[in-house]
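What follows is a single structure, written as structure tokens, with notes after it.
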Amino acid sequence: MGQEAAVHIAGNVIYCRGRWTLPNLADLERQVEALSWPEGSGVICDASEMTALDTGGAVLLQQSLHAAYRKGPEPRLQGLRPEFAGLIQLVGAQRVGRAAGHAPVRSTLGERLEQAAGYQWECARRGLTFLGESTVALCRVLSHPRSLRLHSLLRMLHIDGVNALPITGLLTFLIGVVIAYQGAEQLRKFGTNIFIVDLVGISLLREIAPLLVAIVIAGRSGSAYAAEIGTMKVTEELDAVRALGISPMNLLVIPRMLALVIALPLLTVYADVLGVFGGMLIASGQLNVSFGEFVSRFEEAVAVRHFLIGIGKAPFFALIIALVGCYQGFQIRGGVSDVGRHTTISVVQSIFLVIVFDAICSIVLNWWHL
């Protein structure tokens, strides 16, 4: 056979000869499939005439030995060169590891519930730890304002505030139009056209505008926080930041948190104005309520407390969005796919927690008759 790769059986001995390397694997696989494996004890695999071996050849040899093992006792490998033995052991260890990793593990319902509860408890513990670290870092910055990274704060204000003006303004304007248009159909039936001001003003200022702005910012900025911090963690930039003695909390979390706390109330006021303006246009076109009548009724019917309640909820929405986005960024452990997964989680959790907080506020304010 010379240097040609070959495998054949004589009695209870399997002879492996030639170069067991990648270019010869196709021919070797055909030879292995055509073999009639010996049965019984004392099967020997003779590799003394094997002249070359790479990872592909080692894998095929392991598969051949495994096929022989299914016929009877495990074959004994002999004559293998010392430089090939380490590669065979490495491939065999990886094969065993994969087999062990994919072995099905059966667990009872109680064990699965216990594992789920343990996982949720661990997530809650990590979340509370991050919340505590963020609170300590924020208090430290507020007590020493010079430690605040003003450049990062202004950059995040521009990104999360100024750049968000078009999308938030357009959406709230359209929502004001929709609310007024749908309400006009009902109010016209009873001749109570002027009450379109109450409907648009109270609903937008108190609930819809703050909630809509928070949802938009959660999808826009919260996801960006998770993706940016996660990417920095995957590329080991966070390790470099820590090596330089810089706290990731002060560098990444606090500027984003403060920027969003400042920007979200301002965006809410901006959304209130455009949403009411959209309702005003529909009231003028559909219900013959002029701009002057609308403004006059607005001053009478819409109390200042509705505006203050909506603005008051915005900073808390901002804290929820910033903390959840940054937290999910720091939880990334894997590669790019893990970045996408945690980015999605950050958006879903932010929107969920914002809506839950808004519902709690509505219940409490109703108890207080506000």
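General observations
- The chain: most fluctuating residue of L244, L80, L353 per GNM, C-alpha cutoff 10 Å: L80
- Selected from F84, F316, F357 as most flexible by GNM, with the chain as the system and alpha-carbon contacts under 10 Å: F84
- Value of [θ]222 nm, deg cm²/dmol, for the chain, DSSP H segments ≥ 4, -39500 (n - 2.57) each, nearest 500: -23500 deg cm²/dmol
- Computed over the chain: relative contact order in percent, which uses C-alpha pairs under 8 Å that are six or more apart: 17 percent
- Order of T172, T231 - criterion: other Cβ atoms within 10 Å of each residue's Cβ, fewest first: T231, T172
- Most mobile listed residue (T344, T235, T108) in the chain, GNM with C-alpha springs under 10 Å: T108
- For the pair the stretch 112-139 and the stretch 312-370, the centres of their Cα atoms are 15 angstrom apart.
- The modelled label-to-label distance for the pair A10/L370, using points 7 Å beyond Cα in the direction of Cβ, is 9.5 nm.
- Relative exposure of K313, K189, K233, judged by other C-beta atoms within 10 Å (fewest first): K189, K233, K313
- Under the span-like rule (Cα at least 27 Å along the axis, Kyte-Doolittle mean at least -0.5), DSSP H helices of the chain: 82-101, 109-143, 165-190, 254-286, 304-330, 336-367
- Virtual spin-label span in nm between H151 and Q62, 7 Å along Cα→Cβ: 5.2 nm
- With a Förster radius of 56 Å applied to the C-beta separation of A34 and S337, the computed FRET efficiency comes to 0.85.
- The calculated FRET efficiency for L244 paired with I167, based on their beta-carbon distance and R0 = 45 Å, is about 0.80.
- Pairwise centroid distance, computed over Cα atoms, of the stretch 216-256 with the stretch 169-197, Å: 43 Å
- Entry for mean projected area of the Cα convex hull in nm² (calculated from the structure that is shown) out of (i) 27.0; (ii) 31.8; (iii) 21.8: (ii)
- Sorted fewest first by neighbouring Cβ atoms within 10 angstrom, V347, V32 come out as V32, V347.
- Cβ-derived FRET efficiency at R0 51 Å, V304 paired with E114, nearest 0.05: 0.45
All of the numbers you see were taken from the coordinates with simple rules; none came from a lab. Only a predicted model underlies this, so the values are computations on that prediction, with no experimental measurement involved. All Cβ positions, even for glycine, are placed from backbone atoms using ideal geometry, and neighbour counts span all protein chains on display.
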